1. Going through the stretch C:99-108 one residue at a time, which ones are surrounded by 19 or more Cβ atoms within 10 Å (Cβ to Cβ) and within 23 Å of residue C:43 (Cβ to Cβ)?
2. Looking at the stretch C:7-26, is at least one residue modelled with pLDDT of 95 or more and surrounded by fewer than 16 Cβ atoms within 10 Å (Cβ to Cβ)?
3. Tell me, which residue of the stretch C:84-98 that is open to solvent by less than 50 Å² (accessible area, probe 1.4 Å) and within 16 Å of the chain's Cα centre (by Cα) is nearest to residue A:11 (Cα to Cα)?
4. Which of the numbered conditions does residue D:29 fail, given that it passes all the others? Conditions: (1) touching a strand residue (DSSP E or B) at 6+ places or on another chain (Cβ under 9 Å); (2) open to solvent by 10 Å² or more (accessible area, probe 1.4 Å).
5. Go through (1) more than 27 Å from residue A:17 (Cα to Cα); (2) within 14 Å of chain B (Cβ to nearest Cβ) for residue D:51 and report which single condition fails.
6. Anything in the stretch A:26-48 that is within 14 Å of chain C (Cβ to nearest Cβ) and out of contact with any Ser or Thr (no Cβ under 8 Å at 6 or more places or on another chain)? List them, or say none.
7. Looking only at the stretch C:35-55, filter to residues that are in contact (Cβ under 8 Å) with a residue 12 or more places away in the chain and under 19 Å from residue D:46 (Cα atoms); which one of those is most open to solvent (accessible area, probe 1.4 Å)?
8. Of the conditions (1) assigned to a strand (DSSP E or B); (2) among the small types (Gly, Ala, Ser); (3) in contact with a His (Cβ under 6 Å, 6 or more places away or on another chain), residue A:94 clears all except one; give me its number.
Number of protein chains: 4
Amino acid sequence: MASDAEEACFEAGIKFGALYHQFAGTPVSPESAPSLETAIEESIENQPFCESVTVDILTEKLDTSHGYTELTGEYMEVEIVVDYEGREVVAEMAMRDGYPLMELASVE
Amino acid sequence: MASDAEEACFEAGIKFGALYHQFAGTPVSPESAPSLETAIEESIENQPFCESVTVDILTEKLDTSHGYTELTGEYMEVEIVVDYEGREVVAEMAMRDGYPLMELASVE
Amino acid sequence: MASDAEEACFEAGIKFGALYHQFAGTPVSPESAPSLETAIEESIENQPFCESVTVDILTEKLDTSHGYTELTGEYMEVEIVVDYEGREVVAEMAMRDGYPLMELASVE
Amino acid sequence: MASDAEEACFEAGIKFGALYHQFAGTPVSPESAPSLETAIEESIENQPFCESVTVDILTEKLDTSHGYTELTGEYMEVEIVVDYEGREVVAEMAMRDGYPLMELASVE
């Protein structure tokens, strides 16, 4: 049997994988970034055990040479908080060496 | 060579396929539907030749027995207007016999 | 700091969320199901710490009244094995009460 | 009313938008590229009026510094043939100036 902390970590991972692969590829510009941030946050917060999702699209980094670009990990920072039976997990995504690394920030 | 009207129809199709396959599967509830409608509209409007996108998520139809459901064609109506070199195409999506049918409404 | 077992569970969750939200919505028929199963398995196995992915598309359940349908959790069973620093996690997805439930099967 | 040629162009556009936004973001490596090519082709060929889909993932271009990368337009060339009431449309996607351009190659 998995512990509650392990279950919480599993749930946090699900939210991260879902968020990334649902929205990667979405056309985004500096003008449309705020509505996309809100929609990503509110859609993933629907999922079970998800306390909060915070998405920051790095609009200053967006390639706008064609007016818009496709959302990838390069252009966003994400924090997700999961609560499973009282165990709280915080997970984050940011770029590390050109790779959008998702990692556990805390398990309490 | 394709005519401008044919190019306009091609562009309208691209927007519809993109919209549907980018956002199908997104977790959605009656509470989060408005932000998702706005994000879909603004993201697809970024694409070339796209004049306007109108998305109506049919919140009264959403299955909320698990608190939220995944967005599919069953739960949305969409209108897209494309302008290509002065030729305007209006395309729509709605359910027909259980299938989310995308169709040209007008080519002018 | 998270334990290796917690990290393994987090990684297993990422793979599940990624798999589901990358491929949900893909057009699928009984004829095309085998190639889609293989592609899902091989693509997710690329991800870090992922030992194996097994996808079974339930072709007998596919609604073929329009020739094909869109892939959802209703139509697939999945097992994912993750190894993180020697800790092995097995996670599974199957339908429970109309909901595609992802759960930890073992943490060793 | 739209002409058959215009309908054919609309259908070709739908397939292109669907293909791109369904599969963009999929983890891909030189080893997994062949199964993904086949799955993309067979899944999109399920759609109405779609005669053939040919996908070439440019494995020599894939960034493998992390073992795999995410599929984007930069890494694939696509040809789609649609037949609508006897009107055949060929559409193609390839990179132009850093942008994955989808265009009509012929309308017959």
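1. Passing the criteria: C:100, C:102, C:104.
2. No, because not a single residue in the stretch C:7-26 is modelled with pLDDT of 95 or more and surrounded by fewer than 16 Cβ atoms within 10 Å (Cβ to Cβ).
3. Among those residues, the one meeting the criterion is C:91.
4. Every listed condition holds for residue D:29 apart from (2).
5. (2)
6. Residues satisfying the conditions are A:40, A:44, A:47, A:48.
7. Filtering first and then ranking leaves C:37.
8. It fails just one condition, (3).
The values are calculated or read from the model by the stated rules, or taken from the named source; none is laboratory data. Quick caveat, the model's predicted, so the values are computed rather than measured. Note that we place each Cβ from the backbone using ideal geometry, even for glycine, and neighbour counts take in every protein chain shown. Accessible surface areas use protein heavy atoms only, side chains included; no ligands, DNA or RNA. Shrake-Rupley method; radii C 1.70, N 1.55, O 1.52, S 1.80 Å.
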